[in-house]
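One structure is given here, and the rest of the page talks about it.
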Amino acid sequence: MEEDQQAEVLAKKIKAGDRAALGEFIALRTPQLLAFIHKRMNEGLKKKVEAEDILQELTLSCLNSLDAVDLGDRDPFSWLCQQAERRIIDAHRHHFGAQKRAAGKEVGLQSPAGIEGGGGLGEMIAASMTSPSKAFARNQKEFHLLEALRELPEDAREALQLRYLEGLSSKEIAERMQKTDGATRVLLSRALTKLQAVLAGNTEFQTLLAQAKRN
């Protein structure tokens, strides 16, 4: 109870832009943050990087970007977890992205002709999850996509990340998530349908999502 009260006091200071309070908050929540990072990292990435390294990078990044972040009513811990997830995705792309592209795993993820700005669904998902907070605030397209992704169930979000960031096939995703291939295909289809509903009215997103559902 005392720890929770301390966290609540620090949270108010963090929302006021107090970096020292953020440092104390991260130190207080280090066990929970490391547990979150460990859970999100797959076995391949754990062989390449330590969870502690992700946390260290996360700490420096969040301390440096706090002035540009408006947490509003959000819990700082949920914000830190979101930032941790982006660092994990970034690390995976750094260590495994090149070999996935070389193996032709991203077929079908490129944008159709005529989509302004280029970039397929995978690139847009990656950008929405890995952009620094300042660029993130400037790019409303990425912001809306991330907000839509946050409305999905955790397993649906994970399946989309594995498909469109890591370039895994439905069978590979099924093995990773311990599901059947059929169940994984249904999960991906429902996730894309949910995104279509959330992003209704945005023709660019609708075109990309419709294409993704066909692949």
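Observations on the model:
- Computed accessible area, Val186, all protein chains, 1.4 angstrom probe, square angstrom: 70
- Other residues lying with their Cβ under 12 Å from the Cβ of Gln56 contribute a combined charge of -3, Lys and Arg counting +1, Asp and Glu -1.
- Formal net charge of residues neighbouring Lys13 (Cβ-Cβ distance under 11 Å; K, R +1; D, E -1): 0
- Where segment 1-65 is the region considered: accessible area per residue in Å², 1.4 Å probe: 60
- Pair Asp18, Lys47: separation of 7 Å Cα→Cβ label points (nm): 4.5
- Computed from point charges on the beta carbon alone (+1 for Lys and Arg, -1 for Asp and Glu), the dipole magnitude for segment 1-91 about its Cα centre is near 300 Debye.
- Those trypsin sites (Lys or Arg not before Pro) in segment 1-47 that DSSP places in a loop and that have at most 12 other beta carbons within 10 Å: Lys47
The values are calculated or read from the model by the stated rules, or taken from the named source; none is laboratory data. Predicted, not measured: the structure shown is a model, and the values here were computed from it. Positions of Cβ are generated from backbone atoms using ideal geometry, with glycine treated the same way; all protein chains shown enter the neighbour counts. Calculation scope for accessible area: heavy atoms of the full protein, side chains included, ligands and nucleic acids excluded. Shrake-Rupley method; radii C 1.70, N 1.55, O 1.52, S 1.80 Å.
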